[in-house]
């Protein structure tokens, strides 16, 4: 008691640190002890989880690749979306992914870790591309400022496409820097294990996508896409993908959804139906059609450690075929790339060589006429882009496959801005947005 | 300061000089008509320690010859009684014409005569507490005072109890009052981890948004109500200003029973009661599992088996071929050649059983002239209405006090508590009891026809080892599975107590030092077996909490009589408080062996630590001036320093002042008349409140990514660490925070009439809290989800009435009839710039929000479209779009809005006791008028087709409203007779439609449809308890050599009148937290019946 009284006396004149020290959180690392690797892990994981989770579900339901059979997923399948449904995806995009990527980028630039700086920019560019294709204009130039700007303004979607290009240019420069800094990524880089050359190819792949999206009726854009593809992936080994772990706390998002929610049916979805019709050898690799109930049937993309693919080689080959046609190339030339694309996709999934040959014999030719040929390319790409959000962009650009709206007269062409933006950034979030308009600028 | 310490230290060395020769005095305290006054206190002037009179008014005390006994009893004028030569005395007390001579314990344990107080207080005595055997000290307070809100979160053993005095003053901070036991603050926090939440809420507090997991326990329930002598409610900041920031939401001052000088008393109390489930949601028993009017059984494929939108059961049969899902065979149609018997309807509510509560307590007290002690041992054993749930609490308390000299006395108490609690999964959690139970179709039998389904795993495990449930696969847990395979066990060990020394330095100055501590360890283990729906791969969570807090108060009390008419007291004090909370959470997932719920059985692990410390210190003072013994003026101030605020803002001062004017002492009232006592009270106080701990910085944390549907990923992954500065839950710290301030004004009167046969207390108050610190949500595009700001302004105003009457009183009969009534009007004036709505708790389409301009706690969600967008009371718009599936039905708006406040308009209670000789009959009636609950349970059940309402499917209905629809631009329009669109609402609805599956799934329920569909009034009238007791007369007792013997039969919550269609409307999904008003598969409440025996030796 006397000791406590003594303490009591001390308190009257105790130093300020007596109080302030007590208020420090001992369970969090100090900002000065953070190294780039622990942020890179987070950003890659968050990006992959966001894409493979919400964005993949929205895109596959909207394009009828899958079918929502109960609860919220059934609602989404019938376009029953409210702004609140997008809060989580938007939150993961801006907080888990982009804010932490911003911290990685600033740390890397401040310390001169160019390898990390380059990767941070590519991840940012990729996340922006996903977001712009989903929502159109979004906050960027004003964003990630924390308390300094709690209500960031929105940037125009077309301008953001230019931003993506600039980010990638600067990323490639950083990655090509011979003095790429003292610290370089290693195993924490799940996507490429720190291989700068592969990251550079990925940067070109993103640019190819961005150009291709704008290539309808614009041969120059198609030519740009082709030149980017030339500098990009050369095989499935280059695929940009995030492979999830084999524990429950590192499990693939589709695996988790099917395990915990079971509201989506794969065998009743459009890809399942089309593959059955085509006797497609990929069907049994992707979907177990004998599964009795929703959620049980997803195989290749639904295992605990399945990858979430950002951009794969086959997509670039489909893009090459399409861009060739849009750049006044011949159907014959495009057909070669088209066949390569199907082959690359099948090889990725592990289809036997014999089955590939058989399938290509039946489905490997393009019809005459640019539009018909592009439609055929998109028909196959719809299958290859299984559960990849890019498939929704593909449909919006090409209207292939022809979708009958589940309810009403239209299939969604964009997502709503989230409720949090209407509640807390009402000065800037565009009003009068529906699932159908305004369309993303390249959606013509 | 140093001098004082020196003095105190020296005083320890004081040696007691021999005391005068004592002898045993026995006596009896009675009123003027000779009725015994049980509970009267008898003290010896100049000594500490005393005794109290037994039920027959008798007492024994060791006292010196020529000593003076100070005898007092509530409602009677105290009397100094000089002892003569006799050893047996009878002391008659005159009924006080000032009922307010009652002494109450106020802030810091200071005893004051109630008449001196300028603030509203209400005291609940031990006699009002243990009427029933609940063993929960907080729920025992329910309805006993005006302005007090008590909500039992559910009937689960060990479930939390939310408690609040007056209105909410904080948006995201704590609104529950400070709990003080014997002058020492006691922890009443919740330590909970909702493993089933997509974004697990780790250590939850007032701001907890617990929608799944198990019902959390607030640690205030640990106290043994048998040890409580009295509970004083200090309702507003004006009464608690001396306590400072911890009591900004009022305080509950608990005084424990103490021993008294005299012969040893032994008291034994025992109660046994049985509990039954009270209210349950209605279910339809007409339609089978399936969809679209067709039966679909557990082994069918596709979605239809999830619902109860199947065929009429009376058209279905069983084929009699036993299978894993039903011993009576598959359900078949009338045309099936294998059909044998008619299909059966099962009642899933057979799941609930009778719970038992045994509450035993034994206490020994006694002492000598200068020293007294009390030792008490209590045990509460409770088994729940949900199989395998139980709670076991053992408390041991020891207190003692000793007068070492006429100037120096010491006292101390220590309480040990051991709790063990088996809890049940609840709420929005695919393993929750009610979720699986209530969604079960009427044609599926969770018990599998077994006699003892709880203990026979054939009810919930298939021969192949998978779970047996109505969906034949993933979905929801069979309730028998979840009680057996998803256990949650909580162990608690706790000690709290105090040591105190008083030294009378001069006869006008007393020094007091009190040191209190409260330490506990709560260890929870929560496991989910392989195949549980919440964790299909199985999981084990070990959650260890270690809390400690210490409180030190040093006070100097001075008093002085300036003249005959003018006296004063001055109190100066210093307080130091420190607390530290440590949480250690370990999670194992991916179990290997089934039915082996051990951490070693997991294949991957994650762990986290959470540590929080807080320190505050304060200097405070209170001066009291008394003029002519009728005017009492008090002024106080406290300067507090808190570790949770930035160094530049961490000290703040707040004052309080009050005036009590006992106008009945004016000569004009002295001639006698109807008014026997009258007082006016006025007070003002300002109180500060500090920030949440660790709120000044933005921190890096281990990265976790979820998406609202899945549990997500958590680092480290594949051996790589991952940290995040931001996430959808990360808050920006604020180094500029300053203390919140509440200004409170209170006025009241205490009146007694007709010799105190009627007394009325009335209080009005107004308070305004500004710079309220809250977690302000921000646009994610800022990179963060929220920022901590001093932003909100909240006002409360209210009226509290207490009316105590004694309609008649004779030698044998006494009837007391007491009323409490309170109304609080709360308004969230503003939140933060650009923010008009903050989520408190709940779900995307059924949430509790704080909304600027509304009362705190508003249900917010989607609505029906009305014919006038600006007028929420205008008729509903009924869909006139032909061909639309909703043709002829209300339309769901895409706009969300406020749907009702959760707090009631007013609450009231009537407490009555009728006594005839030794027989007493008591009852309490509680009324809650107004206030809404979101009945999400009913919403989900209407979607799934099991709710009673959906039994009306197929019935034609003309929805009231006017025809119309929203045009492409969102304007109200209708089609005229020619089919042309006209931009205004049409005529009254003439389009009949039917209650269909489409209606219930999309329009008539909130699961997919509007939250408005399931917003219900939570009003109720209930009999809180009825008890009938008999106390043996003194003559009989003497022959039995007993001091007292009583027997009481009681019923708790026996009758409830409510229009609420779910479980008992006294319910809270989020537990004892700010987010009240949510019902989503909450576990039901209970009613109990029991008997209680009291024995005194």
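Between segment A:367-444 and segment B:112-146, how many Å separate their Cα centres?
Comparing the Cα centres of segment A:367-444 and segment B:112-146, I get a distance of 64 Å.
Which values of log₁₀ I(q)/I(0), to two decimal places, follow from the Debye formula for segment A:86-154 at q = 0.18, 0.20, 0.22, 0.23 Å⁻¹ with a uniform point scatterer at every Cα?
-0.70, -0.85, -0.99, -1.06
Measure off 7 Å from each Cα along the Cα-to-Cβ vector at residue B:451 and residue B:598, then give the distance between these two points in nanometres to one decimal.
Between residue B:451 and residue B:598, the label points sit 3.4 nm apart.
Is there a simple number for the mean count of other chain Cβ atoms within 10 Å of the Cβ of residues in B:469-475, and what is it?
Rounded to a whole number, the mean comes out at 4.
Would you mind giving the mean number of other chain beta-carbons within 10 Å of the Cβ of each residue in B:884-895, as a whole number?
That average works out to 1.
Ratio to report: Rg/Rh of the protein assembly as shown, with Cα atoms as the point set and Rh obtained by the Kirkwood method; give two decimals.
Checking Rg against Rh, the ratio lands at 1.02.
Rounded to the nearest Å, what's the spacing between the alpha carbon centres of segment B:1062-1097 and segment B:739-784? Just the number, please.
Between the Cα centre of segment B:1062-1097 and that of segment B:739-784, the gap is 26 Å.
Order of A:164-174, B:114-124 by packing, highest average Cβ count within 10 Å first?
In decreasing order of mean packing, A:164-174, B:114-124 become B:114-124, A:164-174.
Using Cα pairs closer than 8 Å and at least 6 residues apart in sequence, work out the relative contact order for chain A, in percent.
Once divided by the residue count of chain A, the mean separation gives 20 percent.
Within segment B:965-980, what residues put their amide N at less than 19 Å from the label point 7 Å along the Cα-to-Cβ vector of residue B:894?
B:965-974
So what's Rg/Rh here for segment A:21-106, counting alpha carbon atoms and using the Kirkwood radius for Rh?
Using Cα coordinates only, the ratio equals 1.16.
Could you state the principal axis extents of the C-alpha atoms in segment A:160-303, from the largest down, to the nearest angstrom?
Dimensions of segment A:160-303 along the principal axes of its Cα atoms: 55, 44, 28 Å.
Mind ranking B:475-482, B:404-411 by how tightly packed they are, going by the mean number of other C-beta atoms within 10 angstrom, highest first?
B:475-482, B:404-411
What FRET efficiency, computed as 1/(1 + (r/R0)^6) with R0 = 45 Å and r the Cβ-Cβ distance, is obtained for residue B:884 and residue B:764, rounded to the nearest 0.05?
Calculated transfer efficiency: 0.25.
Dividing the Cα radius of gyration by the Kirkwood radius, what Rg/Rh value follows for chain A?
Radius of gyration relative to Kirkwood radius: 1.03.
Computed FRET efficiency, Cβ-Cβ of residue B:754 and residue B:507, R0 35 Å: what is it to the nearest 0.05?
The computed FRET efficiency comes out at 0.30.
Dividing the Cα convex hull volume of segment B:521-638 by residue count, how many Å³ per residue is that?
149 Å³
Sorted from largest down, give the three principal axis spans of the alpha carbons of segment B:922-970, whole angstrom values.
Between the extreme Cα coordinates on each principal axis of segment B:922-970 lie 62, 28, 20 Å.
What distance in nm separates the simple spin-label points at residue B:639 and residue A:330, each placed 7 Å from Cα in the Cβ direction?
Here the modelled spin labels are 9.4 nm apart.
With the contact rule set at Cα under 8 Å and sequence spacing of 6 or more, what percent relative contact order holds for segment B:192-351?
11 percent
Could you rank the peptides B:559-568, A:354-363 by their average count of other C-beta atoms within 10 Å per residue, with the highest value first?
In descending order of packing, they fall as A:354-363, B:559-568.
Per-residue mean of other chain beta-carbon atoms within 10 angstrom of the beta-carbon, peptide B:727-740?
Partner-chain Cβ atoms within 10 Å, mean over residues of B:727-740: 3.
Given 37 °C and 0.692 mPa s, compute D for segment B:224-328 with the Stokes-Einstein relation, Rh being the Kirkwood radius over Cα pairs; round to the nearest whole µm²/s.
Answer from the Stokes-Einstein relation: 156 µm²/s.
Given the C-alpha centroids of segment B:398-441 and segment A:241-262, what is the distance between them in whole angstrom?
Between the Cα centre of segment B:398-441 and that of segment A:241-262, the gap is 39 Å.
Using helices alone, what [θ] at 222 nm do you get for chain B, with -39,500 (n - 2.57) per DSSP H run of 4 or more residues, divided over all residues and rounded to the nearest 500?
The helix-only estimate for chain B comes to -1500 deg cm²/dmol at 222 nm.
Compute the helix-to-body angle for B:2-12: its Cα long axis versus the longest principal axis of chain B, expressed 0 to 90° and rounded to tens.
70 degrees
Mind pulling the angle between the C-alpha long axis of helix A:114-135 and the longest principal axis of chain A? Nearest 10 degrees, somewhere in 0 to 90.
In chain A, helix A:114-135 runs at an angle near 60 degrees to the longest axis.
For a quick check: sort B:570, A:40 by the number of other beta carbons within 10 angstrom, fewest at the front.
Lowest to highest Cβ neighbour count: B:570, A:40.
Please give the FRET efficiency for residue A:379 paired with residue A:288, using the beta carbon to beta carbon distance and R0 = 22 Å, rounded to the nearest 0.05.
0.40
Pairing the Cα long axis of helix A:157-176 with the longest principal axis of chain A, what angle in degrees results, from 0 to 90 and rounded to the nearest 10?
With both axes taken from Cα atoms, the answer is about 80 degrees.
Please state, to two decimals, what the Cα-based radius of gyration of chain B comes to when divided by 2.2 N^0.38 Å (N = residues).
Working it through for chain B, the quotient is 1.01.
How high is the relative contact order of chain B, in percent, with contacts defined as C-alpha pairs under 8 Å that are six or more residues apart?
11 percent
Spin-label point model (7 Å from Cα, Cβ direction): what's the residue A:176 to residue A:33 distance in nm?
Going by the 7 Å Cα→Cβ label model, 4.0 nm.
Throughout, read-outs are computed from the coordinates displayed, never taken from laboratory work. Model, not experiment: these values are computed from the prediction. All Cβ positions, even for glycine, are placed from backbone atoms using ideal geometry, and neighbour counts span all protein chains on display.
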